[in-house]
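Participant: One structure is given below, represented as C-alpha cells, and several questions about it will come after.
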C-alpha cells in the first residue's frame, strides 16, 4: 500500500443531477484526481441505493486501465437475511462496478451487538478469506464505528485485515463517543494500518463560525478550512490514505493541490487547531456526519441529515430565519413532523445520536 497517496476519493457525496449524477462534472473530478497521481477510490453497496457503485463504473472503471487505480467497496451485513446473501451482495457490487475484483473489500460499519453477532453467525470472516482466495477481492478490511475496547476485541479475534477504516478528524480526536484517538491507537497496537473517513466531519469543518474562521485565516489566509482538517489526518503515522467525500470540482482541485505537495502539520499548526477547538467547544452542535444510514433505515425516508443541517446552522450562526429558509427546501413528505418515532434510525446511527427527540424539536422549531 506504500504506492497509495495520502488522499482518497470517497464516492458517497458525488454531485447529483435529477435522479442520477452530474456525470460530466464527476468525470472532470476523476480526471483531475487521477491526473495528479491519486488513485484510491472508495464506494459501498448501500451508497445512494447502489448508484454510487454504478456511477463508479461510468466515470472510472470504463475510462481507465484496471491496474491504474485501487477500488474499495463494502459488504453491509444488515441487508443480509442469510449467509448466502453475502455472496449475492459481493457479486452485485462487482457487477455494478464493472470489475472482476475489488482491491479492498470491507465489512461495513461494524459495531458491538447484533451486527457483530450476525457476522459470526453467517461466517463473514471466513467468507472474506474465501473471496480473497477466489480472487474476487485482493484484501479484506472493515470500517468501524464504536468504542476502542470493541475494536481491540475484533482485531484480537480476527487478525488479517489489510486496514481498518476509522472516523478521525480534529473535532472527534478526543470525543468520548467517537473515540477517534483511542481507536487509532488500538490499530497501531495491533500493527494494522488505518484508512481515515470523515476527515472534515461530513463537511462541518469547512463550515465554521466566524470566530473559528478567523483563527485559521490569521494563521494562513490562503489555506481552506477543509485543508486544515485533511492535513491533520494525513499527518498521522500508520495512515494509508485520507478519504474525502468530494462533491464539486472545486473541492477536488483544492484537496488535490494541497495534498500533491503535502506537508505534515507543524507544532505551530497544532496550536492553531487547539485554539480553534477551544472556540468550537463553546458551541454545542448535533454531531451528524450526513452518512445517510438513518435515511436508508427509515420507513418514511425522513431527510434527517438535511434537517440536522438546518438545526446546526442555527446553532453555529445564531440565525433562525435562514435555518427556517433552508428547511423549506426539505421535501414536505420527508420533514421532521412525519417521524413516527419507530427508532430504526437510531439503531444504525454511527454517531449514536438521539434522533427521535431531535426530530421532535425540529418539527416545533423550524416551521
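Participant: Residues of the range 110-136 being at pLDDT below 95 and outside any helix (DSSP H, G or I), which ones? Can you show your working first?
Facilitator: Of the range 110-136, the ones at pLDDT below 95 are 111-115.
Those that are at pLDDT below 95 and outside any helix (DSSP H, G or I): 111, 112, 113.
Participant: Quick one: how many residues across the range 276-318 are buried (at least 19 other Cβ atoms within 10 Å of the Cβ), within 14 Å of residue 212 (Cα to Cα) and without any contact (Cβ under 8 Å) to a residue 24 or more places away in the chain?
Facilitator: Residues meeting the conditions: 0.
Participant: Looking at (1) in a helix (DSSP H, G or I); (2) touching a residue at least 60 places away in the same chain (Cβ under 8 Å); (3) surrounded by fewer than 19 Cβ atoms within 10 Å (Cβ to Cβ), which is the only condition residue 262 fails?
Facilitator: Single failed check for residue 262: (1).
Participant: Still on this structure: Does the range 319-341 hold any residues that are buried (at least 19 other Cβ atoms within 10 Å of the Cβ), modelled with pLDDT of 95 or more and part of a helix (DSSP H, G or I), and which are they?
Facilitator: Within the range 319-341, 327, 336 meet the criteria.
Participant: Residue 269: out of contact with any helix residue (DSSP H, G or I) (no Cβ under 8 Å at 6 or more places or on another chain) and either in the same structural domain as residue 38 (by TED's automatic domain parsing) or free of Cβ contacts under 8 Å to residues at least 24 places away in the same chain (or both), yes or no? Don't jump to the end; show me each part of the working.
Facilitator: Values: out of contact with any helix residue (DSSP H, G or I) (no Cβ under 8 Å at 6 or more places or on another chain): no; either in the same structural domain as residue 38 (by TED's automatic domain parsing) or free of Cβ contacts under 8 Å to residues at least 24 places away in the same chain (or both): yes.
Here the answer is no, as residue 269 does not meet what is asked.
Participant: For residue 41, are the conditions met, namely being in the same structural domain as residue 195 (by TED's automatic domain parsing), on the phi < 0 side of the Ramachandran plot, part of a strand (DSSP E or B) and buried (at least 20 other Cβ atoms within 10 Å of the Cβ)? Let's see the steps before the verdict.
Facilitator: Values: in the same structural domain as residue 195 (by TED's automatic domain parsing): yes; on the phi < 0 side of the Ramachandran plot: yes; part of a strand (DSSP E or B): yes; buried (at least 20 other Cβ atoms within 10 Å of the Cβ): yes.
It is true that residue 41 is in the same structural domain as residue 195 (by TED's automatic domain parsing), on the phi < 0 side of the Ramachandran plot, part of a strand (DSSP E or B) and buried (at least 20 other Cβ atoms within 10 Å of the Cβ).
Participant: Can you tell me how many residues in the range 67-110 are surrounded by fewer than 19 Cβ atoms within 10 Å (Cβ to Cβ) and touching a residue at least 60 places away in the same chain (Cβ under 8 Å)?
Facilitator: Number satisfying all stated conditions: 1.
The values are calculated or read from the model by the stated rules, or taken from the named source; none is laboratory data. A quick note: this is a predicted structure, and the numbers were derived from the prediction, not measured. Ideal geometry is used to build each Cβ from the backbone, glycine not excepted, and the neighbour counts take in all protein chains shown.
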